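Data block below; observations after.
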Amino acid sequence: MSAPGENLRINSARLWDSLMEMAKIGPGIAGGCNRQTLTDEDAEGRALFQKWCEEAGLTMGVDAMGTMFMRREGTDPDALPVYVGSHLDTQPTGGKYDGVLGVLGALEVVRSMNDLGIKTRHPIVVTNWANEEGARFAPAMLASGVFAGVHTLDYAYARKDLEGLSYGEELARIGWKGDEEVGARKMHAYYELHIEQGPILEAENKTIGVVTHCQGLWWLEFTLTGREAHTGSTPMAMRVNAGLAMARIFEMVQEVAMKNQPGAVGGVGQVKFSPNSRNVLPGTVVFTVDIRTPDQAKLDAMRAEIEARAAEICAALEVGCSVEAVGHFDPVTFAPELVKNVRQAAERLGYSHMDIISGAGHDACWAAKVAPATMVMCPCVGGLSHNEAEEISPEWAAAGTDVLFHAVLETAEVVS
Ligand code: HGY
Ligand code: MN
Ligand code: MN
């Protein structure tokens, strides 16, 4: 099977227009997006995506987690499809491109195939995974995790947001609880285009990231129990200060991450004080420690050290301490034959490229458990993401989608 010609490119203006149209749905307050999973804004974005896909001749299937599968037929109906996708849900102060570039880039690949009259032996399925971010319902990559058999459907349905609403209730409320069994679909291969969300590609002046691996992750949810008391009249020696314990744990997490350089990170993004009143010492403090590294042994050693030292910190302050792992995946190695397709596509198209390990987690990490999978990355300005100021250039978007286009055609086998 001959490789696609180097002049085979997607329609970059149409891709950019679609990105800008989708960005209008669930707008943030500073130029980005707040289209959190299973909100009315998510439902609106799903409807627009469905409309565009059906206009491109795709047929929709939805599974019981709300993941959307939009199918383009191949010449061999028995051939397993090549899945291409990412996610449309965003962080509360998210950017316009995180996840969205991968979904709309996959749609642009199909639109370009239609324009060029390209037929492939394998069907193509453009995919919008539900709840990749894990911002509203932890853990991240929840729907792809159920698809890969990592989580049960009951576990996922029972996950609650900060208001106590459950995933299952909210999915039904927005009308996107599909009838397909989650994970019943079998994939020939899976590709995901995504912005890097880090500074490496831009700093190295490379247009394409050939993603060979993804670093592993633990999300450790700590619940610290102090004693609610007056912040003014309670003498320091009488305090059972969960907030102080939290602060010391944050400092310790920073120290553990720094002593495991290079290639380790650790931090906290979400804290919940209760009762969260200015003049009441907190009775409980709940926060999630996020640690990551490509090195399996280091990842597990960091978790063990953080949990042991957190217990010591709390004991010294007579603060109660419990911890639950609410998110995890081991470091991922992507499929070498698909990685080669991405690298060769970048070379054929004349785009500068480099091998890279993904710092962020993606649905591809779970897809890789059930099929050969890999990713294509493009730079983002200043490496900034999970911030409304997230930015990419139309040229970067087009280059990443061109490479995705070629790699997908290579795997899906062009017939005519
Ligand atoms: O947390 C992550 O790496 C992804 O953005 N869900
Ligand atoms: Mn993402
Ligand atoms: Mn994200």
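For the stretch 270-293, state whether one or more residues are assigned to a helix (DSSP H, G or I) and under 30 Å from Tyr191 (Cα atoms).
No: zero hits.
Does the stretch 235-269 hold any residues that are over 30 Å from Gly359 (Cβ atoms) and part of a loop (DSSP other than H, G, I, E, B), and which are they?
Result: Pro235, Arg239, Val240, Asn241.
Go through the residues of the stretch 404-413 one by one and say whether even a single one is away from ligand 2 (no atom under 16 Å from the Cβ), of a type in the set (Val, Ile, Thr), surrounded by 20 or more Cβ atoms within 10 Å (Cβ to Cβ) and closer than 25 Å to Gly74 by Cβ.
yes
Can you tell me how many residues within the stretch 87-108 are surrounded by 24 or more Cβ atoms within 10 Å (Cβ to Cβ), more than 11 Å from the chain's Cα centre (by Cα) and among the hydroxyl-bearing types (Ser, Thr, Tyr)?
Result for the stretch 87-108: 1.
Out of Thr90, Thr37, report the one residue that is outside any strand (DSSP E or B), of a type in the set (Ser, Thr, Tyr) and out of contact with any strand residue (DSSP E or B) (no Cβ under 7 Å at 6 or more places or on another chain).
Thr37
All but one of (1) surrounded by 24 or more Cβ atoms within 10 Å (Cβ to Cβ); (2) in a loop (DSSP other than H, G, I, E, B) hold for Ala389, so report the exception by its number.
Checking Ala389 against (1) surrounded by 24 or more Cβ atoms within 10 Å (Cβ to Cβ); (2) in a loop (DSSP other than H, G, I, E, B), the one that fails is (1).
In the stretch 185-227, which residue that is charged (D, E, K, R) and either more than 16 Å from ligand 3 (Cβ to nearest atom) or assigned to a loop (DSSP other than H, G, I, E, B) (or both) is surrounded by the fewest Cβ atoms within 10 Å (Cβ to Cβ)?
Lys186
Within the stretch 115-138, identify whether any single residue is within 12 Å of ligand 1 (Cβ to nearest atom), in a helix (DSSP H, G or I), at pLDDT 95 or above and crowded, with 24+ Cβ neighbours inside 10 Å, and answer yes or no.
So far as the stretch 115-138 goes, no, none of its residues is within 12 Å of ligand 1 (Cβ to nearest atom), in a helix (DSSP H, G or I), at pLDDT 95 or above and crowded, with 24+ Cβ neighbours inside 10 Å.
Which residues, taken from the stretch 139-161, are without any contact (Cβ under 8 Å) to a residue 24 or more places away in the chain and within 15 Å of ligand 1 (Cβ to nearest atom)?
His151, Arg159
Would you check which residues across the stretch 29-45 are among the hydroxyl-bearing types (Ser, Thr, Tyr) and in contact with a Leu (Cβ under 9 Å, 6 or more places away or on another chain) and list them?
Thr37
Among the residues of the stretch 344-360, which ones are away from ligand 2 (no atom under 16 Å from the Cβ), of a type outside the set (A, V, I, L, M, F, W, C) and not in a helix (DSSP H, G or I)?
Gly350, Tyr351, Ser352, His353, Asp355
Output the residue which, of all residues in the stretch 55-87 that are of a type in the set (Asp, Glu) and not in a strand (DSSP E or B), is nearest to ligand 3 (Cβ to nearest atom).
Glu55
For (1) within 30 Å of Glu395 (Cα to Cα); (2) exposed (fewer than 13 other Cβ atoms within 10 Å of the Cβ), each residue gets a yes or a no:
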{"position": "Ala257", "(1), (2)": "no, no"}
{"position": "Gly269", "(1), (2)": "no, yes"}
{"position": "Asp290", "(1), (2)": "no, no"}
{"position": "Pro294", "(1), (2)": "yes, no"}
{"position": "Ala311", "(1), (2)": "no, no"}
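The values are calculated or read from the model by the stated rules, or taken from the named source; none is laboratory data. For clarity, every value in this text was computed on a predicted model and none was experimentally measured. Glycine gets a Cβ as well: all are built from the backbone with ideal geometry, and neighbour counts include every protein chain shown.
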